[in-house]
1. With +1 on each Lys and Arg Cβ and -1 on each Asp and Glu Cβ, how big is the dipole of region 2-255 about its Cα centre, in debye rounded to the nearest 20?
2. Which of the trypsin sites (Lys or Arg not before Pro) found in region 110-204 are loop residues per DSSP with 15 or fewer other Cβ atoms within 10 Å of their Cβ?
3. With the chain treated as a Gaussian network of Cα nodes joined by springs under 10 Å, which of Ala191, Ala236, Ala218 yields the largest mean-square fluctuation?
4. Have a look at Val163, Val106, Val205 and tell me which one the Gaussian network model of the chain (Cα, springs below 10 Å) gives the largest fluctuation.
5. Putting +1 on Lys and Arg Cβ atoms and -1 on Asp and Glu Cβ atoms, find which of Ala78, Phe134, Val193 reaches farthest to the positive end of the dipole of the chain.
6. Between Arg135 and Leu5, with labels modelled 7 Å along Cα→Cβ, what's the label distance in nm to one decimal, could you check?
7. What list of ³J(HN,Hα) couplings, whole Hz, do you get for region 52-68 from phi and the Karplus terms 6.51, -1.76, 1.60, once you set θ to phi - 60° and write x for glycine and proline?
8. Please provide three numbers in whole Å: the alpha-carbon extents of the chain along the principal axes, with the largest listed first.
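Taken together, the values in this text are just the output of simple stated rules run on the coordinates, not laboratory data. If you're wondering where the values come from, they're calculated on a predicted model, not measured in any experiment. When we count neighbours, we look across all protein chains shown, and the Cβ atoms used for this are built from the backbone with ideal geometry, even at glycine.
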Amino acid sequence: MIARLRLTIHDSWVEAERHLRIIPRNIELLIFATIQPIMFLALFAYVFGGSISIPGFADYNQFLMPGIFSQSLVFGSAFTSIGLAEDLSKGLVDRLRSLPMSRSAVIIGRTVSDLVRNLFTFAVMLTVALLLGFRFKGSILDGVIATALLVLFSYALSWVQAVIGLGVSSVEAANSAGFIWMFPLTFVSSAFVDPSTMPSWLEAVANANPFTVVTNAARALYNGLPVGNNAWWSLAWSIGLITVFSSLATRKFSKSTSR
């Protein structure tokens, strides 16, 4: 059992390195993936910031930035579905399945490499947010915990994206299917406005949205506010999603063939 776990970890890291080595040769993809969240930061801060007032927040930026962080990390998980769909279309998955390596390592390696790319994007976004006036009101530990919760949730959604990428028929379909559900997930939430301003039925949906739970936890920690049970619920959602969708993705990978 221990030997098998070591093999999976080793193979997963080898696979992750394969994807990470591609980034310097395709730097345009990383640049454009970073520009999009920066545009969201600037647009919401300067275009909508003057017209939106949130009770308990004198500065809309303090409310907004954690929501933008959450959204951008979630959007970054879409690279997993696109990357796996591309590997399938090129026949690479069949070649990997023929090697004496852990089956789950192929998907773990992909999700880990996308996590590293997301961390880079987050670092750039945080720098821009600080330049726009965002400030940590909580402790350093609170900031680290908030960031960890966001990154873990993003990683959990990478496994959802893995199932999508292994189930669609083309890279184009993966691109559409990977993004289309993330817009209602992120916008029908507390990321940009207080859900209490929404119609009652939509407010209930927003409050039940796991993205709202994660965003509220991160926002409270970044701003030094009481976090309540949101941090634990965020952790529970992330672990639950990883458990369910990693199992589904591994099974689907075993049945996948080149397209």
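1. Magnitude of the dipole: close to 780 debye.
2. Here the trypsin sites (Lys or Arg not before Pro) that fit, given the DSSP loop and packing criteria, are Arg135, Lys137.
3. Checking each option, the largest mean-square fluctuation is seen for Ala236.
4. Val205
5. Among Ala78, Phe134, Val193, the one farthest towards the positive end of the dipole of the chain is Ala78.
6. Each label point lies 7 Å from its Cα, and together they span 4.5 nm.
7. 10, 10, 10, x, x, 10, 5, 10, 4, 4, 5, 7, 6, 4, x, x, 5
8. 59, 37, 37
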